[in-house]
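Values in this text are rule-based calculations from the coordinates and carry no lab data. Since we're looking at a predicted model, the values are computed, not measured. Don't worry about glycine lacking a Cβ; one is built from the backbone with ideal geometry, like all the others, and counts go over all protein chains shown.
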Amino acid sequence: MEQRAEWLHAVAESSRPPALLAQVHVELARLALECVDAGQARCEVERALELEPLSPDAAALALQTLAPDASPAERLRAALRVVTVRPLSVEAVWQVGLVLDEYGFAEDAHRFYEYGAAVHTQFNPHTPLPGRLLLDLAHNRLARGRLEEAILDARQAITSDASAAAEAGILLSQLLAGRATAPRPTRWPSNWRSVSRR
């Protein structure tokens, strides 16, 4: 790994086209991630984006390497960058929706969720949305006053995805407890899944 890093640093210092140098910095960022050096990875990604602002690989890494305490604005910017260069990335589209939901823009968030769900269905016509996405939809529908649809999403999350069944069950029990008069259920922190993946 050290030899590869040395070689990449040497190439990064050479006179090459910006697109090629951007890819070199992307590879350096990946190496930094392998060494669990997120700070260095972020520096390499920033350099790659300076050289090639529309690099799909750099955009994806920028989203992946966000600091755990990144502000909603930073998360939104990073996710929108990925959506711009990879409009079929359901994960990036969903991240935009999550950030908009966090800001309280439930209707705008729903448009991104609908688009993400449509992309997922187009490429996976016989596979339901993952449970964690169905839970996001349920919370969004509840915020928009669509309780019955939120209940359906929670039920589908329970039956289709064992990894989300516990959280979906808690949400469903809260929704059913009071139906239309139920207070808004507690939502997991927006960065819970991203932190758990790191």
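Order these peptides, 144-155, 86-97, 128-139, by their mean beta-carbon neighbour count within 10 angstrom, highest first.
Descending mean neighbour count gives 128-139, 86-97, 144-155.
Would you work out the charge dipole size for segment 68-158 about its Cα centre, treating the Cβ of every Lys and Arg as +1 and the Cβ of every Asp and Glu as -1, and quote it to the nearest 20 debye?
Using only the charged Cβ atoms, the result is roughly 180 debye.
When Lys and Arg each count +1 and Asp and Glu each count -1, what net charge do the other residues less than 12 Å away from residue 72, Cβ to Cβ, add up to?
Counting the neighbours of residue 72, the net charge comes to -2.
Listing 123, 105 from the residue with the fewest other Cβ atoms within 10 Å to the one with the most, what is the order?
Lowest count first: 123, 105.
Could you give the nm distance between label points at residue 107 and residue 126, where each point is 7 Å from its Cα heading toward the beta carbon?
Placing both labels 7 Å along Cα→Cβ, they lie 4.0 nm apart.
Along the Cα→Cβ direction, 7 angstrom out, place labels at residue 160 and residue 50. What is the inter-label distance in nm?
Roughly 4.4 nm, to one decimal.
Using label points projected 7 Å from each Cα along Cα→Cβ, tell me how many nm separate residue 71 and residue 149, to one decimal.
3.2 nm
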